[in-house]
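The structure appears right after this line, and notes come after that.
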Amino acid sequence: MQPMSPTIKVEELRKAYGELRAVDGVSFEVQTGEFFGILGPNGAGKTTTLEMMEGLRKPDSGSVSLFGESPWPRNPRLLPRIGVQLQASAFFERLTAREQIRTFASLYGVPARKADEWLAVVGLEDMAGKRNEDLSGGQQQRLSIACALAHGPDLVFLDEPTSGLDPQARRNLWDVLRDISAQGRTVVLTTHYLDEAESLCDRVAIMDHGRILQSGPPATLVRDLDAPTRISIETGTLTAEAARGLADGLEVTDDGVSLTIATRTPAPVLSALAERDALRGLSVRGATLEDVFLHLTGREYRA
Amino acid sequence: MTSFVSLSSAMARGFFRDRTALFFTILFPLMFLVLFGGLFKDAGASKTDILQIGAVPVVDQLPAEAAAGLDQVLAVTRTSDRAAALEEVRKGDKAAAIEQVGGELIVHYSAADAVKSATVRGIVESLVQQANLAAAGVTTPSVTMRAQPVEDQSLKAIQYMTPGLLGWAIATGATFGAALTLVTWRQKKILRRLRLSPVPLASIIGARVSVSIVIAAAQCAMFIGVALLPYFGLQLSDQWWAFIPVMIAGTLAFLSIGLVAGAAAKTPEAASAIANLITLPMAFLSGAFFPLDGAPKWLQQLSEFFPLKHLVSSMQDVMVRGESFAVTLPDIGLLLGFTVVLAGVAAFLFRWDDA
Ligand SMILES: Nc1ncnc2c1ncn2[C@@H]1O[C@H](COP(=O)(O)OP(=O)(O)OP(=O)(O)O)[C@@H](O)[C@H]1O
Ligand SMILES: [Mg+2]
C-alpha cells in the first residue's frame with residue numbers, strides 16, 4: 001500500500017445535548033480514496049459526528065480537519081469539494097425531480113445536462129417530471145443522493161443512504177457508490193446495516209453510546225474476533241444429541257425451526273453431516289460484524 | 001450569479017405552484033378591490049343633497065358652466081310638494097330645501113347637520129350675489145367664487161382605493177413571502193442543505209428580493225388592470241408609472257419586516273401570526289382602507305411611523321393625484337432607510353438551522 005495523506009482528521013470530538021453525551025471523544029482518520037463506514041444502532045451518535053465533520057454543528061470540543069481545513073465556521077473553500085446527503089432529505093417545495101437536481105447542480109456551476117445524467121444513474125429518469133412531494137420515500141432518498149453527487153465532490157458524506165430502499169435499489173446504489181469510490185473519491189457513510197458495511201467499506205468504525213468501540217477493515221475485525229462458524233440444518237433432521245456426537249467441543253442449539261452447530265472447525269462437521277445424509281435446509285454462516293458488535297457491547301445488534 | 005438565478009427560479013416556481021399562496025397574495029386583495037370598488041362606485045365626491053321646491057329662477061337660469069360647477073357640490077332634486085320637502089329636511093334626509101318667492105330666495109334647513117346646512121347657505125348666498133351683480137349690469141365681476149372641492153373629497157372611491165388596497169396587497173405579499181420562505185426553508189432543512197453548498201447568503205436573500213418584486217409587479221398589473229375596467233372607472237394621472245420606484249422601495253421595506261418575522265419565528269404558524277399582527281393593524285392605521293383625513297390628530301401623527309402610510313400616500317400622489325415623481329422621493333428615502341435597519345436586525349437574528 002502506498003502512503004496516503006489523510007483527507008479527514010478527527011480528534012477527540014465531543015458534543016453533548018444537555019446531559020446527553022451524544023458524541024463522547026471520537027478520533028479517527030480517513031485516507032484519501034478510502035471508503036469509511038460508521039456503524040452503529042439508533043442514537044449511537046453517527047449523525048452528530050457526521051454533522052460536525054460537515055460543518056453543520058459546532059463541536060463542544062475536539063477538532064475536525066478536512067483537506068487540512070476546519071469546516072467550522074462555514075468554510076466556502078471546502079464546500080465545493082464536499083457532497084452531503086443528509087439523513088432527512090431536504091428539497092425545494094413543489095419542484096420536480098429534474099428541477100431539484102438542476103437547481104442544486106447550478107449552485108456548484110454544474111450544467112443542467114450533467115445534472116440530468118445523475119437522475120439516470122440513480123434510476124429516476126422516469127420520475128424526472130414528478131414533484132418531490134409525489135415521490136416515494138425510497139425515490140426521494142435516491143434523488144437526495146444524486147443531488148449530493150452531481151457536482152463530483154472529492155469527499156462524500158452519506159448518512160444512511162440505503163435506509164428505505166428496496167433490495168434491488170439498494171444493490172444498485174451499492175454499485176453507484178463503488179463506482180464513486182473507484183474514481184478515487186473519499187466516501188464516509190453511516191449505516192445500520194452490517195452487511196452493507198462489510199460489503200462496501202474499506203474500513204469501519206463501530207460506534208455505540210457516542211464512542212468508537214473498534215475500527216478496522218471488516219474482514220480483520222471479524223477475523224480478530226475468532227468467532228465460531230454456525231452450521232444450521234432443519235430441526236428434526238438430526239437430534240441435538242446426535243449432533244453433539246459429531247465432533248468434540250460443539251455447541252448445539254435447537255430453536256424448533258433449525259438446529260445450529262457452532263464450531264471453529266467446520267470442515268469435519270460438514271462431512272460428518274453429509275455422511276449421515278443430514279443436510280436438509282443446510283446453511284453455513286461465518287462470523288460477521290454482528291458477532292463483532294455482540295462481542296464488543298455484550299448485547300445483540302438491533303439496527 | 002447562476003446560483004442567484006436558479007434559486008430565484010426555484011423560489012418563484014414554488015410560489016406560483018402554491019395555490020393557497022397565490023390566492024392570498026393576489027386574488028384575496030383583488031376581491032377587496034372588486035367588492036369595495038363595486039359598493040362605493042357612485043360614492044364619489046360627497047355631494048350635499050338638497051330639494052328645490054317649484055321654480056327657482058336663480059338656479060334654473062344659471063349659465064351652463066356655473067350649473068356644472070354647482071352640480072359638483074350639490075345634488076339638487078326638484079319637487080313640487082312643499083310640505084313633503086320640508087318634512088324630508090326635518091328628518092335629516094336632505095340637507096336643505098330652497099324655494100324662491102318673488103325676489104326672495106328661502107333656504108329651509110335643519111340645524112341638525114350644521115356643516116351641511118352652512119355649506120348650502122354659503123353656496124346659495126353666492127348664487128344670490130351673482131344674480132344681484134348680473135341684475136346690476138356687472139357682467140364681469142371683479143371677484144368671483146368658484147366652489148372647488150379639494151383632495152380626497154374629489155377622489156372617487158376607486159381612485160382612492162386602488163393605490164390604497166394595492167399598497168396593502170404589496171405589503172402583505174412581501175411580508176408573508178419573506179417570512180414563510182425563511183421559516184419553511186429552515187424547517188424543511190433546505191437552508192441547511194444550502195449552507196453545505198457554496199451559495200452565498202446574499203444570493204439566497206437576493207433571490208427572495210427578486211421574487212418579491214416580481215410578485216409585487218404582478219399584483220400591480222392585476223389591480224390596475226381590474227380597476228381600469230369601465231365598470232370601476234379608475235383614471236390614472238399622466239405620470240402614473242412614477243409609482244414604480246416607491247412600489248419597489250415599499251416591497252423592500254416589507255420584505256425586511258418579513259425577514260425579521262421569519263428569523264424570529266420557529267414555525268410557519270408563528271411566522272404568519274407575526275406577519276398578520278404587523279400588517280393588518282398597519283393597514284387600518286395607514287389609510288390603506290379608508291382615508292385618515294377625518295381621523296384624530298394623534299392617529300394621523302402615529303401613522304407617519306408606519307411604512308405602509310408612506311407607501312400608500314406616495315402611490316396615491318403619483319397614480320391619481322397627478323403629482324410628479326419628485327414628490328415620492330422623501331417617502332422612498334424613508335422606506336429604504338427602514339429597510340436597511342430591519343435587514344440589519346434580520347441578519348442579526350438569522351439562523352440556518354433550528355437544531
Ligand atoms: N438536536 C438534538 N437535540 C437533542 N438531542 C439530540 C439532538 N440530535 C441528536 N440528539 C441525541 O443524540 C444522540 C445521538 O443522535 P444521532 O442522531 O447522532 O444518532 P445516530 O447514530 O445518527 O442515530 P440514527 O441511527 O437513529 O440516525 C441521540 O440520543 C439523540 O437523541
Ligand atoms: Mg443518524
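When A:Val176, A:Val204 are checked against the criterion of being in the same structural domain as A:Gly55 (by TED's automatic domain parsing) and open to solvent by less than 10 Å² (accessible area, probe 1.4 Å), A:Val204 stands alone in meeting it. A:Asp134 satisfies every condition listed in (1) at pLDDT below 90; (2) away from ligand 2 (no atom under 16 Å from the Cβ) except (1). If we scan the stretch A:181-195, do we find a residue that is assigned to a helix (DSSP H, G or I) and over 12 Å from the mean Cα position of the chain (by Cα)? For the stretch A:181-195, residues assigned to a helix (DSSP H, G or I) and over 12 Å from the mean Cα position of the chain (by Cα): present.
Mind listing whichever residues of the stretch A:83-102 are open to solvent by 10 Å² or more (accessible area, probe 1.4 Å) and more than 16 Å from ligand 1 (Cβ to nearest atom)? Once the filter is applied, which keeps residues that are open to solvent by 10 Å² or more (accessible area, probe 1.4 Å) and more than 16 Å from ligand 1 (Cβ to nearest atom), the stretch A:83-102 yields A:Phe91, A:Glu93, A:Arg94, A:Thr96, A:Arg98, A:Glu99, A:Arg102. Taking each residue of the stretch A:39-54 that is of a type in the set (Lys, Arg) and looking for partners that are within 6 Å of ligand 1 (Cβ to nearest atom) with beta-carbon atoms closer than 7 Å, six or more apart or interchain, yields A:Lys46/A:Gly40. Sort through B:Asp293, B:Asp331, B:Asp353 and tell me the only one that's of a type in the set (Asp, Glu), within 18 Å of B:Thr162 (Cβ to Cβ) and open to solvent by less than 40 Å² (accessible area, probe 1.4 Å). Step by step, each of B:Asp293, B:Asp331, B:Asp353 is checked, and only B:Asp331 is of a type in the set (Asp, Glu), within 18 Å of B:Thr162 (Cβ to Cβ) and open to solvent by less than 40 Å² (accessible area, probe 1.4 Å). Might you check whether a residue that is touching a strand residue (DSSP E or B) at 6+ places or on another chain (Cβ under 8 Å) and at the interface with chain B (Cβ under 9 Å from one of its Cβ atoms) occurs anywhere in the stretch A:120-132? Looking for residues that are touching a strand residue (DSSP E or B) at 6+ places or on another chain (Cβ under 8 Å) and at the interface with chain B (Cβ under 9 Å from one of its Cβ atoms), one finds at least one in the stretch A:120-132, hence yes. Considered as a group, the residues in the stretch B:1-26 that are closer than 18 Å to B:Arg195 by Cα and open to solvent by 60 Å² or more (accessible area, probe 1.4 Å) include one that is nearest to the other protein chains (Cβ to nearest Cβ), and that residue is B:Thr2. Across the stretch B:27-57, the qualifying residues are those that are under 30 Å from B:Arg78 (Cβ atoms) and crowded, with 18+ Cβ neighbours inside 10 Å, and the one among them that is modelled with the lowest pLDDT is B:Thr48. So is A:Ala112 within 16 Å of ligand 2 (Cβ to nearest atom), small (Gly, Ala, Ser) and open to solvent by 20 Å² or more (accessible area, probe 1.4 Å) or not? The answer is no for A:Ala112. Name the single residue that is farthest from the other protein chains (Cβ to nearest Cβ) among those in the stretch A:182-194 being more than 16 Å from ligand 1 (Cβ to nearest atom) and surrounded by fewer than 19 Cβ atoms within 10 Å (Cβ to Cβ). Checking each candidate, the answer is A:Ala182.
Please verify whether A:Asp24 is in contact (Cβ under 8 Å) with a residue 60 or more places away in the chain, assigned by TED's automatic domain parsing to the domain that holds A:His151 and more than 14 Å from ligand 2 (Cβ to nearest atom), treating the condition exactly as stated.
Yes: the conditions hold for A:Asp24.
Being in contact with a strand residue (DSSP E or B) (Cβ under 6 Å, 6 or more places away or on another chain) and within 30 Å of A:Arg21 (Cα to Cα) holds for only one residue in A:Leu189, A:Leu194, and it is A:Leu189.
Residues that are modelled with pLDDT of 90 or more and at positive phi within the stretch B:147-199 comprise just one, B:Lys189.
Take the conditions without any contact (Cβ under 8 Å) to a residue 60 or more places away in the chain and more than 14 Å from chain A (Cβ to nearest Cβ) and apply them to B:Ser212. Does it pass? The answer is yes for B:Ser212. Against the definition (more than 16 Å from ligand 1 (Cβ to nearest atom) and over 28 Å from B:Val183 (Cβ atoms)), how does A:Gly68 come out, yes or no? So A:Gly68 passes the test.
Within this structure, A:Gly43 passes the test of being under 28 Å from A:Glu198 (Cα atoms) and surrounded by fewer than 23 Cβ atoms within 10 Å (Cβ to Cβ).
The values are calculated or read from the model by the stated rules, or taken from the named source; none is laboratory data. No experiment lies behind these values; they were computed from the predicted model shown. Positions of Cβ are generated from backbone atoms using ideal geometry, with glycine treated the same way; all protein chains shown enter the neighbour counts. Keep in mind that these areas ignore ligands, DNA and RNA; they rest on the heavy atoms of the full protein, side chains included. Shrake-Rupley method; radii C 1.70, N 1.55, O 1.52, S 1.80 Å.
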